[in-house]
Amino acid sequence: MKELEKRLVYLFTGEFFSVIVFVFLYMYSLHPNQHYSIQYVFLILIFILLQGSFYWFIKWRRLKTKANVLPNLNKIYSNLKKMNLILIYIAPVIFLIHMIQGVYGSFIQWSLTVFIYVFAIIEYVNYYHIQLTKYKKGRGKKSSIAKELTIRK
């Protein structure tokens, strides 16, 4: 029990620390003239990481208090899953609009934008579909949120 508790604390604090780092990078490395594509993908990534942190925190609280801390968690995460997909699908449209407007930015800016976008997609898959750290021989272990969504429907 103590081992699981430590792991959950590690997971929610680690995810939350990642959010803080990305917010710090966002605030101090981007200026208002920066193209909005990179700002948009940063916000998607931060939003998804916050969901992971919150999920692990709720799991830890459930373990600690032995109570169903948030009984409608599956409904919340089901809606967040849909919202994430919408946000992820909108990003290429924003990239395209940006290019049509003739706001190209530097190669480094576009590379960073694509990298953050792909990272956000990977985090989404990791949280809502397959636990990528357990991916072996072409098969992945179902993520905890995905299990929660199928169990409690």
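The values are calculated or read from the model by the stated rules, or taken from the named source; none is laboratory data. Note that the structure is predicted; figures quoted are calculated from it, not measured. Here the Cβ is made from the backbone with ideal geometry for all residues, glycine too, and neighbour counts use every protein chain on show.
Structure data summary
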quantity: Residues being aromatic (Phe, Trp, Tyr) and at pLDDT 75 or above - total across region 27-41; calculated: 2
quantity: Hits in region 47-74 (condition: of a type in the set (A, V, I, L, M, F, W, C) and over 20 Å from Phe119 (Cα atoms)); calculated: Phe57, Ile58, Trp60, Leu63, Ala67, Val69, Leu70, Leu73
quantity: Residue identified as at pLDDT 95 or above, part of a helix (DSSP H, G or I) and either under 22 Å from the mean Cα position of the chain (by Cα) or not aromatic (Phe, Trp, Tyr) (or both) among Gln109, Gln51; calculated: Gln51
quantity: Every pair of residues 6+ apart whose Cβ atoms lie under 7 Å, when the first sits in region 89-117 and is in contact (Cβ under 8 Å) with a residue 40 or more places away in the chain while the second is surrounded by fewer than 17 Cβ atoms within 10 Å (Cβ to Cβ) and among the aliphatic types (A, V, I, L, M); calculated: none
quantity: Hey, Val9 assigned to a helix (DSSP H, G or I), farther than 25 Å from Val93 by Cβ and modelled with pLDDT of 90 or more or not; calculated: yes
quantity: Residue match in region 38-54 (condition: of a type outside the set (A, V, I, L, M, F, W, C), surrounded by fewer than 17 Cβ atoms within 10 Å (Cβ to Cβ) and more than 24 Å from Gln131 (Cα to Cα)); calculated: yes
quantity: In region 67-101, residue farthest from Ala146 (Cα to Cα) [restricted to those that are modelled with pLDDT of 85 or more, exposed (fewer than 13 other Cβ atoms within 10 Å of the Cβ) and of a type outside the set (A, V, I, L, M, F, W, C)]; calculated: Pro92
quantity: Flag for Glu3 being touching a residue at least 40 places away in the same chain (Cβ under 8 Å), among the acidic types (Asp, Glu) and either surrounded by 13 or more Cβ atoms within 10 Å (Cβ to Cβ) or more than 18 Å from Ser143 (Cα to Cα) (or both); calculated: no
quantity: Tally, over region 60-87, of residues that are under 17 Å from the mean Cα position of the chain (by Cα) and not aliphatic (A, V, I, L, M); calculated: 7
